[in-house]
1. Name the one entry in V31, V57 that is modelled with pLDDT of 70 or more and of a type outside the set (S, T, N, Q).
2. Hand me the list of helices (runs of 4 or more DSSP H) wholly inside the stretch 114-233 holding 1 or more residues that are in contact (Cβ under 8 Å) with a residue 60 or more places away in the chain and crowded, with 18+ Cβ neighbours inside 10 Å.
3. Given (1) modelled with pLDDT under 95; (2) in contact with a Lys or Arg (Cβ under 8 Å, 6 or more places away or on another chain); (3) of a type in the set (A, V, I, L, M, F, W, C), identify the lone condition not met by L125.
4. At pLDDT below 60, part of a helix (DSSP H, G or I) and over 30 Å from L116 (Cα atoms): does that describe Q65?
5. When only residues in the stretch 166-208 that are of a type in the set (A, V, I, L, M) and within 19 Å of the chain's Cα centre (by Cα) count, which is nearest to D129 (Cα to Cα)?
Amino acid sequence: MTTQVQSRQNEDEVDEQQVVDYLIAHPDFFVEHALLLDDMNITHNTGSAVSLIERQVKVLREKNQHFETQLREMVDAVHDNQRLNLSLQRLTISLFSADSLDDVIAMVNDELLNKLATDAVSIKLITTDEVRTEKQPERYIFVDDERLVLFKKTIDDKRIQCGRLSEDQKALVFAEQVSSIGSGAVLPLADAETYGLIGLGSFDDQRYHPGMGTEFLQQLSDLVSAAIRPYLSD
């Protein structure tokens, strides 16, 4: 008895495979037998049933929606890249006319805050002059300040850090804005060695994240580093 049941199951499996093979070999089958489409029902997980043609239309619609979403994302990415490239171009041209450290910082802040609508921007320069640190703590941080260990990888490896920052990290970079920063990017100002940090902050805790692309941020870091470097000895 068991053998007969197994034999029937095997025959059913062979028959199903033959049907599949036949349909693959004859893709016009349902074109020539269109009336079958309305008579064939497919049961959904919900228990309801629709005709095969309705099911095909639904699948095609879902695929189209998926492709439309992908296309919109690609177009948005292209527009965003164009916007960022224009920003770098504008900033580069502006920096040619800078003749002081104050000018450079003002131009960077204007571009990032006003034109790119970045929520928070901070530039911290590492100095060996304690007097500068005391007079302008919003701009300078002393080279031996223990808080610099919070950005050790960024400083030692000249590596951009993106994501949610600790409260101590936010306090060092963004000072009074610490409570409103959800996520941030910290960029090194560097040539042979790191001599400062740029902090970009967002009220959105998902705006900056570890998996994001950093090409624009790296170009920004290189540009601002080159613009600030001549004024470090003043």
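The values are calculated or read from the model by the stated rules, or taken from the named source; none is laboratory data. Quick caveat, the model's predicted, so the values are computed rather than measured. When we count neighbours, we look across all protein chains shown, and the Cβ atoms used for this are built from the backbone with ideal geometry, even at glycine.
1. Numbers: V31 fails: modelled with pLDDT of 70 or more.
One residue alone meets the criteria, V57.
2. Working: elements: 130-135, 152-157, 167-174, 215-228.
Filter on the stretch 114-233 gives 215-228.
3. Exception for L125: condition (1).
4. On the way: at pLDDT below 60: no; part of a helix (DSSP H, G or I): yes; over 30 Å from L116 (Cα atoms): yes.
No.
5. Per the criteria, the residue is I198.
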